[in-house]
1. Within 10 Å, at most 13 other Cβ atoms, and a DSSP state outside H, G, I, E, B define an exposed site. Report the longest part of the chain free of exposed GluC sites (Glu not before Pro).
2. Which aspartates and glutamates, if any, have their Cα less than 14 Å from the Cα of K23, not counting same-chain residues under 8 positions apart?
3. I need the P(r) histogram for the chain: all alpha carbon pairs, bin width 20 Å from 0 out to the longest distance, whole percents.
4. For G162, which sequence-distant residues (separation of 5 or more, or a different chain) have an amide H within less than 5 Å of its own amide H, given hydrogens modelled in the peptide plane?
5. Find the centroid of the Cα atoms in the stretch 22-74 and in the stretch 274-291, then give the distance between the two in whole Å.
6. Given only helices, namely DSSP H runs of n ≥ 4 each adding -39500 (n - 2.57), what is the per-residue ellipticity at 222 nm of the chain, to the nearest 500 deg cm²/dmol?
7. Find, among the trypsin sites (Lys or Arg not before Pro) in the stretch 261-309, those assigned to loop by DSSP (not H, G, I, E, B) with at most 16 other beta-carbon atoms within 10 angstrom.
8. By counting other Cβ atoms within 10 Å of each Cβ, how are V65, V75 ranked from fewest to most?
Amino acid sequence: MFFTLNIMGFEDFLNTPIKVGEKTLKNRLVLSPMASLTTIALRKVISNFSLPGLLYTEMCLAKIVPTENKEKSTVFRWREAEEDILVCQIVGNEQEHMVKAAQRIEEEGLFGVDINMGCSISRLCKKGYGASLLREPDKAIQIVSSIRKAVNIPILVKFRTGWDDDPRFPMEFAKKLEDAGADGLIFHPRVAPDVRNRQPKWEYISLVKKSVSIPVFGNGNVFSKGHVKKMLDLTGCDGIALGRISAVRPWIFAEILDDFVPIPETFYTTASEMLEEIFTYFEPNRAVKLYKKWSFYFYSNFFYGHSLLKSILKSNSYQELKEAIKKTLIPLPKLNAIPNLNFLH
Ligand SMILES: Cc1cc2nc3c(=O)[nH]c(=O)nc-3n(C[C@H](O)[C@H](O)[C@H](O)COP(=O)(O)O)c2cc1C
């Protein structure tokens, strides 16, 4: 893989299709799942620029998925146009719920199912969900093999280093996931308790990649084209999952895959389109909350993002948000070369 990458250039490599299970991704960039961010609205805005190989839903509670109303759900919801590349991420640990959720996802015709083994927020970990499953690897593996027996669609697993900073755990765990029937992995090389404060250890990605033969998508602190190249060079991973930067710059996939260069108007237009999409898909109160949440990321594009954001945070309706967007983004404020995600903490 290193050899291929050296002779073909990283953009061409990323545009090379890759098989995950029985299905093929058109390219090797993936939208990483993010609660309250990778909504149907953000996915639509991203799609207006360029499609990654896979889109992800927000995490969906496995116990709810089998009976969820897809017309009304805030998370288990999608546009027909994205079905073929959409992975639904489920979170839970009860085998029966996990299997039934995967079956529903298959029936709905989505690309595949992903099992959340990375989220470390205490509300979920207390129930034994998300990264908590890394404390019970046998149970985690059992869940994957039960789902494997029940569905034919690709199964992906998104996971972290574990609870201790020891690369042997994710290497061995990845192999067990593959043996249990997982078709692809998104690996975020941070220990579970680390809420993105410390640097992810990209060198662990290459160890995980070497221990399996299924595709491994590296994840963590990739914010620019340069970072993409660096992660590929350093780790030899098969592709990359982009999280926060896809909320900050929804055109990032186009920037990396198609050499898209945003013009000054792109910022105002994107903020306005996001407003329209959020208010199309969500009732006004939720739409306002989701728009504010997204704005925390989007305004990190700007030098004085924190103070610009205040106008958005004061707004409580579609009209107020529309005016705040205009006031803050016309003329275009000074841009940061790399978004300043620090002000989010
Ligand atoms: C607001 C937010 C919500 C997230 N929600 C999820 C989630 O639901 N499921 C999941 O597997 N990871 C979740 N993540 C983790 C991201 O998918 C990703 O692994 C992490 O942000 C590191 O990648 P990045 O540096 O590209 O953002 C979330 C991250 C953020 C910032």
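1. The longest uninterrupted stretch comes out as 72-345.
2. E83, D84, E106, D183
3. Values per bin, smallest distances first: 32, 59, 9.
4. Placed amide hydrogens put A192 under 5 Å from G162.
5. Between the Cα centres of the stretch 22-74 and the stretch 274-291 lies a distance of 17 Å.
6. Numbers: 15 runs with 154 residues, N = 345.
The per-residue figure over the chain is -13000 deg cm²/dmol.
7. Details: sites: R286, K289, K292, K293; in loops: none.
Answer in residue order: no site qualifies.
8. Numbers: V65 26, V75 20.
Taking fewest neighbouring Cβ atoms as first place, the list is V75, V65.
No lab work stands behind these numbers, since they all come straight from the coordinates. Predicted, not measured: the structure shown is a model, and the values here were computed from it. Glycine gets a Cβ as well: all are built from the backbone with ideal geometry, and neighbour counts include every protein chain shown.
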